Amino acid sequence: FNPGIDILPKQVEELKLRSGAIFNLLCVGQSGLGKTTFINTLFGTSVLSNVWQEVEYKQPNVSFAKTTRVVAHKAHLREDGFNLDFTVVDTPGFGDYIDNQFAYLAVTDYIDEQLRLYMFQEEQPYRDEKVDNRVHLCLFFINTSSRGISPGDIEAMKHISSRVNLIPVIPKADTLTTSEIAEMKRLVQQIITTQGIKICDFIDDESLKQSVTSQVPFTLIGSESYVYSTEAESSVLGRKYRWGIAEVENPEHCDFIKLRDLLMASNMVDLILSTELYYESCRSKLIRTRVKQAKEMFASDNSLANIDFVNPDLNSLDICKILCKFGKKQVDELVVQWSPIFVQKQLIMKKRYTEIITHEEKKFKDWKRALFAKQSAFNQEIDELQKQVAELSKDIHRLK
Ligand SMILES: Nc1nc2c(ncn2[C@@H]2O[C@H](COP(=O)(O)OP(=O)(O)OP(=O)(O)O)[C@@H](O)[C@H]2O)c(=O)[nH]1
Ligand SMILES: [Mg+2]
C-alpha cells in the first residue's frame, strides 16, 4: 500500500505554483532621470510583452511628462501554470516637493506604510482580497549629471537600504563615455562600502548578496521606440545618434538585460522570500509595540487589568482584544511621532523652550540680585540712621 506521501512535496510545489506570486518593484530617484522611460521600456521589451496576458493598467508612453504622483503599472503574468502579479511603482522625482534634508522620507514612508497596511489587512476577518503592495526591490536612479553622487542621493540610499532590498542604477548610460561609466561605477562601489549602503541586504544567501553587490550599479538606457540598426539589419530598441545607436538590449551598451534577468528570471524568488522574512520581523516588532502602548494606555482599565502582558503567547485572544484597541488609528498617530521631521521639530521646540526658560530665569535672578542689593543698601541706611539717632539721643542726654 502506498499512501502517496512521496508525491506530497510535488503537490506542495503545485499548490505554490497555482497560488502564484506577487512582485512589487519601486523606482525612485530625482526628476528627469528616466524612471518612467525605464518602466515603459521594461514593459515594452519583447521578452515580457510576449508573456503578458493582460495588462490591467498601463500608462500610455509619454514623452517627457513629469510624474507627479505615485503610479502603479501592473501586469499579470501567466506562464506554465504559474501566476505572477508584477507591479512596477513609478514615483515623482524625489526631492522636488519636500524639504531636501528629509527628501528620502517620501520613499521610506511609502515602504513602511505598505508593510503596515498589509499587517492590518491580515487582522481583518476577510483576508481573501488582501492587497499586497509590499516592496520587494527598490531601484535607485542615481543622478550622475554632476559626474558625482550628491549627498542627498547617498543619504536616501542609506535609509532605503535599511528597510528594503536596494539596487542602485546609473540611468542614461548613453550620455556617458565608457571611461565616465567606469569612473561612476568605481565611485558608487566606493560609496557603498564607506557609507554603509547595503545592497539587497535582506537576502539570506550571502554569496548571492555578494554577487549582486559586486555587479552594482547597473547601467541603463531607456527607450520606448525602435530604431533601424544597419549593423544588426533589424529594428532594435534604442536611441539613435549621429555616431550610432545606443541599444537597450545590447549587453555591450548597458546592463538592462542583466538587471531584467536578475529581476524576472534568476532572483525574483530570493527577493520575495527575503521581503517575507523582513515583513515577519517588522510585524512582530509592531505587535509588541502595540501591546506595550496599550498597557500604558489602559493602565486604569479594569477589563484589561488581568491580562498577562509579559507572556502574550499565553493569552492570544486577550492580545487580540488589545490589538483592536490599539488599532490603525493609534498606530498612525505613533508613526507621526516617530517621523524624523516630527522628532526634529520637537527637538527645536525643546531647545527654544529651554532658551526661553534660561533667559527668564536669568532675568529673574538679576532682578532678585538687584532687589537684594537694594535691600542691603536700605539696611545700611537704616543702620546709619539708627547710629545717628543713638548719637542724637546721647547728645540730648548730655544737654539735659
Ligand atoms: N539620453 C537618454 N535620455 C533618456 C533616457 N531615459 C529617459 N530619457 C529621457 O529623459 C527625459 C526624462 O525621462 P522620464 O522617464 O520622464 O524621467 P523621470 O525619472 O520619470 O522623471 P520624473 O517623472 O520627473 O521623476 C525624457 O525626455 C526621456 O526621453 C536614456 O536612457 N537616455
Ligand atoms: Mg516619471
Could you give me the radius of gyration and the Dmax of region 238-296, taking only the C-alpha atoms into account and expressing both in angstrom?
22.0, 70
Looking only at region 271-300, which residues have a backbone nitrogen under 14 Å from a spot 7 Å from the Cα of Gln337 in the C-beta direction?
289-299
By a straight-distance test (C-alpha under 19 Å), which lysines pair with Lys240 as possible cross-link partners, with residues fewer than eight away in the same chain excluded?
Lys172
Overall dimensions of region 343-400 by Cα: Rg and Dmax, Å:
24.7, 83
Residue-count net charge about Cys282 - beta-carbon cut-off 10 Å; Lys, Arg +1, Asp, Glu -1
+3
Neighbourhood net charge (11 Å Cβ-Cβ; Lys/Arg +1, Asp/Glu -1) for Ser266
0
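Bear in mind these aren't lab numbers, they're just calculated from the coordinates by the rules spelled out. Keep in mind it's a predicted model, so treat the numbers as computed, not measured. Note: ideal-geometry Cβ built from the backbone for every residue, glycine included; neighbour counts use all protein chains shown.
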